[in-house]
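Below: the structure, in structure tokens.
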Amino acid sequence: MYAHCYRSGEIELSRKSDLSGAICIGQGQKADLVRRVEARARHAHDGKTLLVPGIPEAQSNEEAEQKMIEFRAFLAQ
């Protein structure tokens, strides 16, 4: 299972290693990956969508990329 992040900050879990327009931020067994992502991601107002903290508010692509790198390292811990 793979976790991907879009520029919007939205996280998508998929069995595919490559999703168009997304960057892979983690991989692992489904139950473990879901547990790690759900515990560390920000939950959107709809209560379902998971977001990488800081990306939706990022003022630039560079800032969004830095937040994604930080979150990827946080997931790996």
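Helix 61-76 against the longest principal axis of the chain: what's the angle in degrees, Cα atoms only, rounded to the nearest 10? Long axis of 61-76 versus the principal axis of the chain: about 30 degrees. Among residues other than Gln66 with Cβ under 15 Å from its Cβ, the summed charge is -2 (Lys and Arg +1, Asp and Glu -1). Its relative contact order, with pairs defined as Cα atoms under 8 Å and 6+ residues apart, puts the chain at 30 percent. If I fit a long axis through the Cα atoms of helix 30-40 and take the longest principal axis of the Cα atoms of the chain, what angle between them do I get, 0 to 90°, rounded to 10? The helix 30-40 is inclined about 30 degrees to the chain. Simple spin-label estimate for Lys30 and Asp18 gives 2.4 nm between the two label positions (7 Å along the Cα-to-Cβ direction from each Cα).
Among Ala44, Ala64, Ala31, the residue with the largest mean-square fluctuation in a Gaussian network model of the chain, with springs joining Cα atoms closer than 10 Å, is Ala31.
Probing with 1.4 Å while keeping every protein chain in the model, the per residue accessible area of the chain equals 65 Å².
The values are calculated or read from the model by the stated rules, or taken from the named source; none is laboratory data. This one's a predicted model, so the numbers in the text were calculated from it and none came from an experiment. Note that we place each Cβ from the backbone using ideal geometry, even for glycine, and neighbour counts take in every protein chain shown. Only protein heavy atoms, including side chains, enter the accessible area calculation; ligands, DNA and RNA are left aside. Shrake-Rupley method; radii C 1.70, N 1.55, O 1.52, S 1.80 Å.
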